[in-house]
There are 4 protein chains.
Amino acid sequence: MSEAIRVTVWNEGVHESRQHPEWIGQIYPEGMHGAIAAGISEHLGELAVVRTATLASQPDHGLTEEVLAGTDVLLWWGHAAHEQVSDEVVARVHRHVLAGMGFIGLHSAHYSKIFTRLLGTTCSLAWRNEGERELVWTTDPSHPIARGVPNPIVIEKQEMYGEPFGIPHPDEVVFLSSFAGGEVFRSGVTYQRGQGRVFYFSPGDQEYPVYQHPDVRRVLANAVVWAHRPEATRLTEEQLGCTHPPRRF
Amino acid sequence: MSEAIRVTVWNEGVHESRQHPEWIGQIYPEGMHGAIAAGISEHLGELAVVRTATLASQPDHGLTEEVLAGTDVLLWWGHAAHEQVSDEVVARVHRHVLAGMGFIGLHSAHYSKIFTRLLGTTCSLAWRNEGERELVWTTDPSHPIARGVPNPIVIEKQEMYGEPFGIPHPDEVVFLSSFAGGEVFRSGVTYQRGQGRVFYFSPGDQEYPVYQHPDVRRVLANAVVWAHRPEATRLTEEQLGCTHPPRRF
Amino acid sequence: MSEAIRVTVWNEGVHESRQHPEWIGQIYPEGMHGAIAAGISEHLGELAVVRTATLASQPDHGLTEEVLAGTDVLLWWGHAAHEQVSDEVVARVHRHVLAGMGFIGLHSAHYSKIFTRLLGTTCSLAWRNEGERELVWTTDPSHPIARGVPNPIVIEKQEMYGEPFGIPHPDEVVFLSSFAGGEVFRSGVTYQRGQGRVFYFSPGDQEYPVYQHPDVRRVLANAVVWAHRPEATRLTEEQLGCTHPPRRF
Amino acid sequence: MSEAIRVTVWNEGVHESRQHPEWIGQIYPEGMHGAIAAGISEHLGELAVVRTATLASQPDHGLTEEVLAGTDVLLWWGHAAHEQVSDEVVARVHRHVLAGMGFIGLHSAHYSKIFTRLLGTTCSLAWRNEGERELVWTTDPSHPIARGVPNPIVIEKQEMYGEPFGIPHPDEVVFLSSFAGGEVFRSGVTYQRGQGRVFYFSPGDQEYPVYQHPDVRRVLANAVVWAHRPEATRLTEEQLGCTHPPRRF
């Protein structure tokens, strides 16, 4: 475990680059991917090597075979441009997750092609954007992803995401959120898919400085460590397929 | 499925009988067990035959072998007198659940001997009794236990039960609650234990008329139908043990 | 529950129609779909209305919006022609499962587009076709799908399907198989996906008369009853999406 | 993570000390606990400090509060003397597991007081002792407990343990076994109970040299590493109980 975790933060980057609203420039001068990457480095230091990519990155939105083969954990933020992500790249990311790459879906990535492909369901939810206070409660205080965060994490302004959340039964529910308006949400859930560990964490929005929140950054850094599987060799496409053992015992 | 479901509502009955506070007499003139039984009959009518028993019932707190053998679903409310329930009766109820009897744990029954015996954990939680509003959200709208209830169920005054809730990973989470004070709770969870179906539902308290709430009564009636397994024969003690198949295939 | 369950048995029908080997005509004179349909009707009688469709059915492989809207439970057999199933039909079936239609995947359907779409993983496995004896053991004797079948079910000749099986953690494991060559397999597993109940059952092959086996037919009939959700309204596409509740509590 | 894992191997030691059959002396000259401890040390070296205790150890079968407080992972073998383990010691072990101590149940420990207490079910199974070959198949090759073992592990002579196994739905199924006689068994399963990680592994018997088997020893060493939670502080009895947060958000 002496080698650094190779992290790629992917953000569609559309709110930042196209819309240029003043708020996002003020909140996220380096883009949301910049803030997320900084938060991970802040906590993991030399334990992680973090790079970023966006929808506009060339080629392949920055997610070539070479990049993914060199990525231990991929974080994914998307919202306005899910449909612009190429199906070929989605298939490639999917294969790498099943082969052992960790995957962390963030906020509106619940509706991304890759997340719904991994989960197999609608991943729909209830939402309301009025800048409400979100409280993120830990349901399993011993889970590595919850290490070192207060219970609850208090986020002063957030978009509300509420139940019912159209996901399969999670392997683990790490966090549950409540909102000032009364709603609840399974805001931190884990799944195993093939050899890959998947974590979804709903706090985070382009309009509020959620990825500047110290506890949110701590959760993301914890999740990177959790999703990394240093002991598991990345499987080849052939190894992911069916096998034909001729020998009987 | 033409025969009626045989339901037994067990309530320790201590708040009602010993303390005689005015409030409980006003809220629950027939005791909490009376209100719970009435709620089930109200919804299921002739589909259920409902009886009640309390800690003071003779013999065996009303839970003899004969009563349990004739019970398809047992509901359990306890709070002040968990320790007064005899270990022999707990073992008997436990055996019947594993053998196929449904079990519905209510509110402070989270700390009852039988519930912690079935789950294997502390079942501890956070609590605060200030008569807060509880909102009970359905996470799985297609679950039979959630049929016909609004989302959320609004309970004006309740004791707060909050996470972390010291239970194993549930088989299903049907309801999540939020409280006016901001806390969240897995308020409706299911488990299978042996042949028995187990449901825990946290709303319900001796100080507030929660079991008079029409939606809460609906949930309890739904849960009775869900926990009943008309197709499963109640296993004998011998059938619950190890078996010794001599034949090899 | 007085209305009959509307069942559609879908079979690609390629082994039957194109290859015309003698064996399949002898084993399955009405095609595998015919045998599967007959097995369900044999057990459910008037409780089910069963129809069939194949890849060659026009239009849309027989799986139009109208057919699916009128189907409570869909069974799926495929092997040689997974890629020939149109993506549009797969998306339609997927939507109906999430909206509440039951889905039963059979044998080599583990690799079908619709099954891997629902599960999100490779669904790969180990296999060997030498006509070995398969023993299908019940792990949960109280499960409705296992009702009335011996433990184990003995299938004299079968293709071997073995672990590791590339599926997510199942909600329930109902059956485990062993093979004469020593392999094991999770041969009966359940998942919930949206409102839909999904069951996968591996016994069944075009070369052996597995769908003529009385216990296998019993399992399929049980699974149809289990996957049917008479109480759940089929959701519309709009209801499957995100919702926007304006009101705060 | 630089400190060694503190492991305690508990074995009732009755077959070794009372019955003195020739076979056990030949197979396990240091007792089964000796072989298990040697297997762990063989693989973990200085990463683990391993001690042993038996039913006859004084006081408290060697499981005092001090010993458990100094144990990161406890392994448990029992068979003939489950009832002789004091209830007080069982309660103490149970509390330490919920508070964060790892627990590994071995073979006939399925019927021990502590294992059934943790799981809440009968834990009954089918068995036949004819020295059959057991094949232990890995269902999740990326699981840390399965690291480095062949698929399958071949054990030439074993007691058969078969389904149905009366346990709750496992969090994870790591191994499935088949036996020469045709039976199958969930031979490696995991659970979380409170902060404690629980693993059950069925291979291992007093009559066969299973704990001398290099792959079995590897599994046990892997399981020790997996069950150890270096980041989690052992909870106090008070911390395991309910909490009373006065503050509202």
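The values are calculated or read from the model by the stated rules, or taken from the named source; none is laboratory data. None of these values were measured; they are calculated from a predicted model. No Cβ is skipped: glycine too gets one built from the backbone with ideal geometry, and neighbour counts run over all protein chains shown.
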Subset of the stretch D:235-249 (residues that are over 14 Å from residue B:128 (Cα atoms) and loosely packed, with under 10 Cβ neighbours inside 10 Å) = D:238
Quick one: residue A:128 ticks every box in (1) on the phi > 0 side of the Ramachandran plot; (2) within 14 Å of chain C (Cβ to nearest Cβ) except a single one, so which number is it?
-> (1)
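Just checking, which of A:148, A:188, A:166 is part of a loop (DSSP other than H, G, I, E, B), among the small types (Gly, Ala, Ser), in contact with a helix residue (DSSP H, G or I) (Cβ under 9 Å, 6 or more places away or on another chain) and away from chain C (no Cβ under 14 Å)?
Working: A:188 fails: part of a loop (DSSP other than H, G, I, E, B); A:166 fails: away from chain C (no Cβ under 14 Å).
The unique qualifying residue is A:148.
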Taking residue C:247 and the conditions (1) more than 14 Å from chain A (Cβ to nearest Cβ); (2) assigned to a loop (DSSP other than H, G, I, E, B), which numbered condition does it fall short on, given that it satisfies the others?
-> (1)
Lone unmet requirement of (1) over 30 Å from residue B:97 (Cβ atoms); (2) under 18 Å from the mean Cα position of the chain (by Cα); (3) within 14 Å of chain B (Cβ to nearest Cβ) for residue D:226 | (3)
Matching residues in the stretch B:101-142 - criterion: being touching a Leu at 6+ places or on another chain (Cβ under 7 Å) and polar (S, T, N, Q) = B:121, B:122, B:124, B:139
Please list, ordered by first then second residue, the pairs with beta carbon atoms under 9 Å, 6 or more apart or interchain, first in the stretch B:205-228 and over 20 Å from residue B:78 (Cα atoms), second basic (Lys, Arg) and surrounded by 23 or more Cβ atoms within 10 Å (Cβ to Cβ).
-> B:226/B:197; B:228/B:197
Based on what the data block shows, is residue B:156 touching an Asp or Glu at 6+ places or on another chain (Cβ under 9 Å), facing another protein chain (nearest Cβ under 9 Å), surrounded by fewer than 22 Cβ atoms within 10 Å (Cβ to Cβ) and in a strand (DSSP E or B)?
-> no
Just checking, which of B:75, B:44, B:118 is out of contact with any Lys or Arg (no Cβ under 9 Å at 6 or more places or on another chain), within 30 Å of residue D:167 (Cα to Cα) and of a type in the set (A, V, I, L, M, F, W, C)?
-> B:75
Subset of the stretch B:49-68 (residues that are touching a residue at least 24 places away in the same chain (Cβ under 8 Å) and farther than 18 Å from residue B:95 by Cα) | B:49, B:50, B:51, B:52, B:53, B:54, B:55, B:56
Within the stretch B:22-30, is there a residue that is in contact with a strand residue (DSSP E or B) (Cβ under 8 Å, 6 or more places away or on another chain) and either in a loop (DSSP other than H, G, I, E, B) or in contact (Cβ under 8 Å) with a residue 12 or more places away in the chain (or both)?
-> no
Run down C:5, C:40 and say which single residue is under 18 Å from the mean Cα position of the chain (by Cα), buried (at least 23 other Cβ atoms within 10 Å of the Cβ) and either among the hydrophobic types (A, V, I, L, M, F, W, C) or closer than 24 Å to residue C:191 by Cα (or both).
-> C:40
Could you list, in sequence order, the residues of the stretch A:159-168 that are in contact with a Pro (Cβ under 8 Å, 6 or more places away or on another chain) and crowded, with 24+ Cβ neighbours inside 10 Å?
-> A:162
Restricting the search to the stretch C:191-205, which residues are touching a helix residue (DSSP H, G or I) at 6+ places or on another chain (Cβ under 9 Å) and within 11 Å of another protein chain (Cβ to nearest Cβ)?
-> C:191, C:193, C:194, C:195, C:196, C:197, C:198
Within the stretch B:87-110, can one find any residue that is of a type in the set (Phe, Trp, Tyr), surrounded by 20 or more Cβ atoms within 10 Å (Cβ to Cβ) and within 27 Å of residue D:93 (Cβ to Cβ)?
-> yes
Those residues of the stretch D:124-138 which are surrounded by 22 or more Cβ atoms within 10 Å (Cβ to Cβ) and in a loop (DSSP other than H, G, I, E, B) amount to D:125
Pick from the stretch D:191-223, criterion part of a loop (DSSP other than H, G, I, E, B) and within 11 Å of the chain's Cα centre (by Cα), ranking: nearest to residue D:102 (Cα to Cα) = D:202
Residues being of a type outside the set (D, E, K, R) and within 14 Å of another protein chain (Cβ to nearest Cβ): count how many of those fall in the stretch A:81-100.
-> 10
Please go through the stretch D:169-185 and pick out each residue that is crowded, with 24+ Cβ neighbours inside 10 Å and away from chain B (no Cβ under 12 Å).
-> D:174, D:175, D:176, D:177, D:185
Residues of the stretch D:76-114 that turn out to be free of Cβ contacts under 8 Å to residues at least 60 places away in the same chain, among the hydrophobic types (A, V, I, L, M, F, W, C) and out of contact with any His (no Cβ under 7 Å at 6 or more places or on another chain), as a count = 3
Does residue C:56 satisfy being surrounded by fewer than 19 Cβ atoms within 10 Å (Cβ to Cβ), within 14 Å of another protein chain (Cβ to nearest Cβ) and farther than 29 Å from residue C:163 by Cβ?
-> no
Of the residues that make up the stretch C:101-111, is at least one at the interface with chain A (Cβ under 9 Å from one of its Cβ atoms) and either in a strand (DSSP E or B) or of a type in the set (Gly, Ala, Ser) (or both)?
-> no
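Taking the stretch A:201-239 as the search range and keeping residues that are of a type in the set (Ser, Thr, Tyr) and more than 21 Å from residue A:170 (Cβ to Cβ), which one is modelled with the lowest pLDDT?
A:233
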